[in-house]
Amino acid sequence: MGKWYEGMVRPLLFRCDAERAHELGVHSMEWLARLAPLRAVLERSMAAHLRTVRPVEAFGLTFPNAVGLAAGFDKDARAWPAAAALGFGHVEVGTVTALPQPGNPRPRAFRYAGEGAVINRMGFNNGGSEAMAERLAHQPRGAERRIPLGVNLGKSKVTPIEEATADYLASFARLADFADYVVLNVSSPNTPNLRQLQDESRLRELLAAVTAANRGRAVKPGGRHVPVLLKIAPDLTWPQIDAVLSVIAEHRLDGIIATNTTLARPGFFAGVNEAGGLSGLPLRERSTEIIRYISRATRGRLPIIGVGGIDCPEAAAEKLDAGAKLVQIYTGMIFRGPFLAAEIARGVSARQVF
């Protein structure tokens, strides 16, 4: 499948600008999600293909395999029901904000095929958490889902940083009932001041409020605790990561995602004059380094989802060996095709890295 994509489909997609190609990919996956009979056939075929792959247990959930689709692809939860048919073990929708917003001006996404990388400054373009909640209410829920669904929350651009907590709480209240887990994204480089929420005092305020809201939900009739994770930047220093881990422990968060895109411009990218977050192969080593650091600092007790530069089973195994329980892909799929998750899931299972 990978050779078919790289030889025939990718050249056609790459004639479009990066965002247009992304939109075509989402529409194709949304089309598959709506064709239930075809999707069911592909899901059964994929399940047979992955029958030797062992499931993964993390933060109280069972994942059919270790490979998920990262946030950023399906921003408005339109296409995710087709993810299992492509071999994904989980999918994360969003990033979604309390208020609908168009994101930054176009062009805002740039491919670098020779480097296996993308720079984007999308700016959380999405239809808002209320619209996502209405959509999820009519999509598979609970046992109807083939794979766990994560919902990634961000701050609305127009919301002052001082009011960020209320912004996240609004989205959490609307979407927690539909999510198998929730992610607090405080690390995108494309929303002004957002990364300030990784500072210890602001992060403490945010996590205290969200975990309190989560406890309140759990004690209500029919309520449940939804696992809450934090997504961090790769540009934090080790002392900053220590501070983040301290706040996570204080509020007993369920896990961490390492990492988001980077503002660093290593090697070839030192000469690239495009603002935004860099993802893909240039991020691989740094994200793995952070995963290893977190795993050692927490003695393996904090579940980690590893993201950054995963385009093959070896890259995924590297992160799992470093301490991640699960991994996610996105940029790698742009260059390697929609069945990359299945290839990686089989590959890491064969290596017996779990």
Exercise. Write out, first by first residue and then by second, each pair whose Cβ atoms fall under 7 Å of each other, whose residues are 6+ apart or on separate chains, and whose first residue, in the stretch 74-95, is within 27 Å of Asn190 (Cβ to Cβ) and touching a residue at least 12 places away in the same chain (Cβ under 8 Å) while the second is crowded, with 24+ Cβ neighbours inside 10 Å and among the basic types (Lys, Arg).
Key: none
Quiz item: So which residues in the stretch 63-81 are over 10 Å from the mean Cα position of the chain (by Cα) and not charged (D, E, K, R), if there are any at all?
Solution: Phe63, Pro64, Asn65, Ala66, Val67, Ala77, Ala79, Trp80, Pro81
Self-check item: Residue check for Glu43: of a type in the set (Asp, Glu), part of a helix (DSSP H, G or I) and in contact (Cβ under 8 Å) with a residue 40 or more places away in the chain
Solution: yes
Self-check item: Sole exception among (1) surrounded by fewer than 14 Cβ atoms within 10 Å (Cβ to Cβ); (2) in contact (Cβ under 8 Å) with a residue 60 or more places away in the chain for Arg34, by number
Solution: (2)
Quiz item: When Ile305 is evaluated against the numbered criteria (1) buried (at least 23 other Cβ atoms within 10 Å of the Cβ); (2) within 24 Å of Tyr112 (Cα to Cα); (3) among the aliphatic types (A, V, I, L, M), which criterion, by number, is the only one it fails?
Solution: (2)
Quiz item: When both residues are 6+ apart or on different chains and their Cβ atoms are under 6 Å apart, which pairs have a first residue that lies in the stretch 317-337 and is over 18 Å from Thr298 (Cα atoms), and a second that is of a type in the set (Gly, Ala, Ser) and surrounded by fewer than 23 Cβ atoms within 10 Å (Cβ to Cβ)?
Solution: Phe335/Gly116; Arg336/Gly2; Gly337/Gly2
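Could you check, for the stretch 153-169, whether at least one of its residues is basic (Lys, Arg) and surrounded by 22 or more Cβ atoms within 10 Å (Cβ to Cβ)?
Keep residues of the stretch 153-169 that are basic (Lys, Arg), which gives 155, 157.
Still in the running and surrounded by 22 or more Cβ atoms within 10 Å (Cβ to Cβ): 155.
Looking for residues that are basic (Lys, Arg) and surrounded by 22 or more Cβ atoms within 10 Å (Cβ to Cβ), one finds at least one in the stretch 153-169, hence yes.
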Exercise. For the stretch 198-214, indicate whether the set of residues that are of a type in the set (Gly, Ala, Ser), crowded, with 19+ Cβ neighbours inside 10 Å and either closer than 26 Å to His90 by Cβ or within 20 Å of the chain's Cα centre (by Cα) (or both) is non-empty.
Key: no
Quiz prompt | Output for the stretch 289-310, where each listed residue is under 15 Å from the mean Cα position of the chain (by Cα), under 19 Å from Ser279 (Cα atoms) and not β-branched (Val, Ile, Thr) | solution = Gly306, Gly308, Gly309
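Do we have Glu57 as in a strand (DSSP E or B) and exposed (fewer than 13 other Cβ atoms within 10 Å of the Cβ) here?
yes
Quick check: is even one residue across the stretch 263-283 over 21 Å from Thr191 (Cα atoms), of a type in the set (A, V, I, L, M, F, W, C), surrounded by fewer than 16 Cβ atoms within 10 Å (Cβ to Cβ) and in contact with a Phe, Trp or Tyr (Cβ under 8 Å, 6 or more places away or on another chain)? Spell out how you get there, then give the answer.
The first filter runs over the stretch 263-283 and keeps only residues over 21 Å from Thr191 (Cα atoms), leaving 266-271, 281-282.
The next check asks that each one be of a type in the set (A, V, I, L, M, F, W, C); those that pass are 268-270, 281.
Subset that is surrounded by fewer than 16 Cβ atoms within 10 Å (Cβ to Cβ): 268, 270.
Next, from what is left, pick out any that are in contact with a Phe, Trp or Tyr (Cβ under 8 Å, 6 or more places away or on another chain): 268.
Within the stretch 263-283 (the criterion being over 21 Å from Thr191 (Cα atoms), of a type in the set (A, V, I, L, M, F, W, C), surrounded by fewer than 16 Cβ atoms within 10 Å (Cβ to Cβ) and in contact with a Phe, Trp or Tyr (Cβ under 8 Å, 6 or more places away or on another chain)), the answer is yes, since at least one residue qualifies.
Anything in the stretch 104-126 that is in a loop (DSSP other than H, G, I, E, B) and surrounded by fewer than 18 Cβ atoms within 10 Å (Cβ to Cβ)? List them, or say none.
Pro105, Arg106, Pro107
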Practice problem: Within the stretch 221-233, identify whether any single residue is assigned to a loop (DSSP other than H, G, I, E, B), farther than 26 Å from Pro64 by Cα and touching a residue at least 40 places away in the same chain (Cβ under 8 Å), and answer yes or no. | Solution: yes
Exercise. Select from the stretch 126-163 the residues that are under 23 Å from His90 (Cβ atoms) and within 17 Å of the chain's Cα centre (by Cα) and list them in ascending order.
Key: Asn126, Ser129, Met132, Ile147, Pro148, Leu149, Gly150, Val151, Asn152, Leu153, Gly154
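Given Val183, Val210, Val247, which one is in a helix (DSSP H, G or I), in contact with an Asp or Glu (Cβ under 7 Å, 6 or more places away or on another chain) and either at pLDDT 95 or above or not hydrophobic (A, V, I, L, M, F, W, C) (or both)?
Working: Val183 fails: in a helix (DSSP H, G or I); Val210 fails: in contact with an Asp or Glu (Cβ under 7 Å, 6 or more places away or on another chain).
Going through Val183, Val210, Val247 in turn, the sole match is Val247.
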Practice problem: Sort out which residues of the stretch 39-54 are surrounded by 14 or more Cβ atoms within 10 Å (Cβ to Cβ) and either among the hydrophobic types (A, V, I, L, M, F, W, C) or touching a Gly at 6+ places or on another chain (Cβ under 7 Å) (or both), and write them in order of number. | Solution: Leu42, Met46, Ala47, Leu50, Val53
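At least 2 residues that are within 28 Å of Leu12 (Cα to Cα) in each: list the strands (runs of 3 or more DSSP E) lying fully within the stretch 251-354 that qualify. Spell out how you get there, then give the answer.
Numbers: elements: 255-258, 277-280, 304-307, 326-329.
By residue number, 277-280, 326-329.
The values are calculated or read from the model by the stated rules, or taken from the named source; none is laboratory data. Quick caveat: nothing in here was measured; it's all calculated off a predicted structure. All Cβ positions, glycine included, derive from the backbone under ideal geometry; neighbour counts span all protein chains shown.
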